[in-house]
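Structure first, then comments.
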Amino acid sequence: MNDKIQVGIVGYGNIGRGVEKAVLAAPDMELRAVFTRRSVGELKIACGNADVLALDSAEELADEIDVMLLCGGSATDLPEQGPRFAARFNIVDSYDNHAKIPEYMAAIDAVAKETTAIISSGWDPGLFSMMRLLFGSTLPDGMCYTFWGRGVSQGHSDAIRRVEGVKNAVQYTIPMEAAIDAVRSGARPELETRQKHLRECFVVALPGADKKRIEESIKMMPHYFADYDTIVNFISDEELDADHRGMPHGGTVLHSGRTGLNEHVAEFSLKLGSNPEFTGSVMAAYARAAYRMSREGLFGAKTVFDVPLVFLSDKDRQTLIKEML
């Protein structure tokens, strides 16, 4: 009898492939199937033992999959797939539309009556959320700051690619070192959006496109670039392929606080070689937690705030206490 946690993956994009690598590396997990909207016969996955199945057939394996990891996008995929799968499966996702998390969580909770659904389990939201809670709780007389980058923002890159005349593009979010230094000094500065991050774009324009108009369209784009200082660089296809193929990212949570007459600064940072692979590793750890919580009857929609840390590790509690406490 196979006692490994049976995992399903919905979606085989960047995050889906990252999740697959994490599951294959986990000693207590096994990839049962990848579910896709693509042609099943054309999709090749790294794991030779797992099935590739049509997304519409997923419910047929409800009794064989312990946890389903949802790897679609937050804009359109997860709002539909989250409630659908939470009704039948234990799930984990990395839903990252911060403003709509309460609304999304309510939709999941309404259907997860006999399943455990851990949402927003990437690194922000996710690990960074935990740090904001931890630092804010231990230093309540203080201010918390989050800086992202330097790294590729997939959403902002996609927004540039939708500008008329753009063939391809990559956008980097770059934290302002002066702002970070001010926070680290304990000064607790009031920072506007423009003071915290710079956005740098590398754009391949279509032949004959008006580059000046493209640059203006990018810099004036509301919600993406209008509130930031933005640099637009036009490069060739070859340069984009040679210098900007990776998906690095990361960031820092800083909390400056006071106890009595003493100032303190707490800091947590990530420097990621691959944003989707790290996100996939986080999701795999929370898949383990979802499985354990479901076995204890802890059903409903959950966040990283609700998950005991011991449930994330493949080691038992006594080993963790001995080795890590």
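Within the range 263-278, count every residue that is assigned to a loop (DSSP other than H, G, I, E, B) and surrounded by fewer than 17 Cβ atoms within 10 Å (Cβ to Cβ). Talk me through it step by step, then tell me what you get.
Initial filter on the range 263-278 (assigned to a loop (DSSP other than H, G, I, E, B)): 273-274.
From the residues that got through so far, the ones that are surrounded by fewer than 17 Cβ atoms within 10 Å (Cβ to Cβ) too are 273.
Within the range 263-278, residues that are assigned to a loop (DSSP other than H, G, I, E, B) and surrounded by fewer than 17 Cβ atoms within 10 Å (Cβ to Cβ) number 1.
Just to be sure I understand, how many residues within the range 40-66 are closer than 19 Å to Gly82 by Cα and among the polar types (S, T, N, Q)?
1
For the structure I just gave you, tell me whether Asp158 is acidic (Asp, Glu), out of contact with any Asp or Glu (no Cβ under 7 Å at 6 or more places or on another chain), modelled with pLDDT under 95 and surrounded by fewer than 21 Cβ atoms within 10 Å (Cβ to Cβ).
Working: acidic (Asp, Glu): yes; out of contact with any Asp or Glu (no Cβ under 7 Å at 6 or more places or on another chain): yes; modelled with pLDDT under 95: yes; surrounded by fewer than 21 Cβ atoms within 10 Å (Cβ to Cβ): yes.
It is true that Asp158 is acidic (Asp, Glu), out of contact with any Asp or Glu (no Cβ under 7 Å at 6 or more places or on another chain), modelled with pLDDT under 95 and surrounded by fewer than 21 Cβ atoms within 10 Å (Cβ to Cβ).
Could you list all residues from the range 37-61 that are of a type in the set (Ser, Thr, Tyr) and at pLDDT below 95? Don't jump to the end; show me each part of the working.
Going through the range 37-61, the residues of a type in the set (Ser, Thr, Tyr) turn out to be 39, 57.
Ser39, the sole residue that qualifies.
Could you give every pair whose Cβ atoms fall below 9 Å, whose first residue belongs to the range 36-57 and is exposed (fewer than 12 other Cβ atoms within 10 Å of the Cβ) and in a loop (DSSP other than H, G, I, E, B), and whose second residue is among the β-branched types (Val, Ile, Thr) and modelled with pLDDT under 90, counting only separations of at least 6 or pairs across chains?
Pairs that qualify, where the first residue is exposed (fewer than 12 other Cβ atoms within 10 Å of the Cβ) and in a loop (DSSP other than H, G, I, E, B) and the partner is among the β-branched types (Val, Ile, Thr) and modelled with pLDDT under 90: there are none.
Mind listing whichever residues of the range 32-68 are over 25 Å from Thr116 (Cα atoms) and among the polar types (S, T, N, Q)?
Residues of the range 32-68 that are over 25 Å from Thr116 (Cα atoms), as a first pass: 38-49.
Ser39, Asn49, listed by residue number.
Name the single residue that is farthest from the chain's Cα centre (by Cα) among those in the range 207-248 being free of Cβ contacts under 8 Å to residues at least 24 places away in the same chain and assigned to a loop (DSSP other than H, G, I, E, B).
The selected residue is Gly208.
Kindly indicate which of Gly300, Gly260 is on the phi > 0 side of the Ramachandran plot, touching a residue at least 40 places away in the same chain (Cβ under 8 Å) and either small (Gly, Ala, Ser) or surrounded by fewer than 19 Cβ atoms within 10 Å (Cβ to Cβ) (or both).
Working: Gly260 fails: touching a residue at least 40 places away in the same chain (Cβ under 8 Å).
So the residue among Gly300, Gly260 that is on the phi > 0 side of the Ramachandran plot, touching a residue at least 40 places away in the same chain (Cβ under 8 Å) and either small (Gly, Ala, Ser) or surrounded by fewer than 19 Cβ atoms within 10 Å (Cβ to Cβ) (or both) is Gly300.
Which condition does Ile321 not pass, out of (1) part of a helix (DSSP H, G or I); (2) in contact (Cβ under 8 Å) with a residue 12 or more places away in the chain, if it passes all the others?
Here Ile321 clears every test but (2).
Can you find even one residue in the range 123-142 that is touching a Gly at 6+ places or on another chain (Cβ under 7 Å), buried (at least 17 other Cβ atoms within 10 Å of the Cβ) and over 24 Å from Gly82 (Cα atoms)?
Among the residues of the range 123-142, at least one is touching a Gly at 6+ places or on another chain (Cβ under 7 Å), buried (at least 17 other Cβ atoms within 10 Å of the Cβ) and over 24 Å from Gly82 (Cα atoms), which makes the answer yes.
The values are calculated or read from the model by the stated rules, or taken from the named source; none is laboratory data. Every value quoted in this text rests on a predicted model; they were computed, and no experiment measured them. So basically every Cβ, Gly included, is an ideal-geometry build from the backbone, and we count neighbours across all protein chains shown.
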